[in-house]
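A short write-up of the structure that comes next.
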Amino acid sequence: MFKKIIIAPFIFLVRVYQTVISPLTPATCRYTPTCSQYTVEALKKHGLFKGGWLAVKRIANCGPWGGSGYDPVP
């Protein structure tokens, strides 16, 4: 219960990005699931610190210099 309360504002911010900002920009994520969906899943599964760290690593690798393909939350 406590974990859900802590991560709720961060998930809310990602959802705002997904509904407001993402539709206005071209689809550029090289991974499946997308980086924003990966972030939500990582936060729900691993909590704020580990899930946040996984999300930061994923976003840092999402670009022409990084990888691509199917990359689920561990």
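A few remarks follow.
- Checklist (1) in contact (Cβ under 8 Å) with a residue 24 or more places away in the chain; (2) touching a Gly at 6+ places or on another chain (Cβ under 9 Å); (3) assigned to a helix (DSSP H, G or I) applied to V73, failing item: (3)
- Per the listing K44, K4, the residue uniquely loosely packed, with under 15 Cβ neighbours inside 10 Å, touching a residue at least 24 places away in the same chain (Cβ under 8 Å) and assigned to a helix (DSSP H, G or I) is K44.
- Count of residues meeting criterion [exposed (fewer than 10 other Cβ atoms within 10 Å of the Cβ) and part of a helix (DSSP H, G or I)] in the stretch 18-27: 4
- Selection count where residues are touching a strand residue (DSSP E or B) at 6+ places or on another chain (Cβ under 6 Å) and more than 14 Å from V73 (Cβ to Cβ), scope the stretch 9-50: 0
- The condition (being open to solvent by less than 80 Å² (accessible area, probe 1.4 Å) and among the basic types (K, R)) is satisfied by just one residue among R58, R15, R30: R58.
- Residue list for the stretch 61-70, filter: in a loop (DSSP other than H, G, I, E, B), open to solvent by 60 Å² or more (accessible area, probe 1.4 Å) and under 21 Å from S22 (Cα atoms): P64, S68
The values are calculated or read from the model by the stated rules, or taken from the named source; none is laboratory data. Everything numeric here is computed off the predicted structure, so don't read it as measured data. Ideal geometry is used to build each Cβ from the backbone, glycine not excepted, and the neighbour counts take in all protein chains shown. Areas reflect the complete protein model, heavy atoms only, side chains present, ligands, DNA and RNA absent. Shrake-Rupley method; radii C 1.70, N 1.55, O 1.52, S 1.80 Å.
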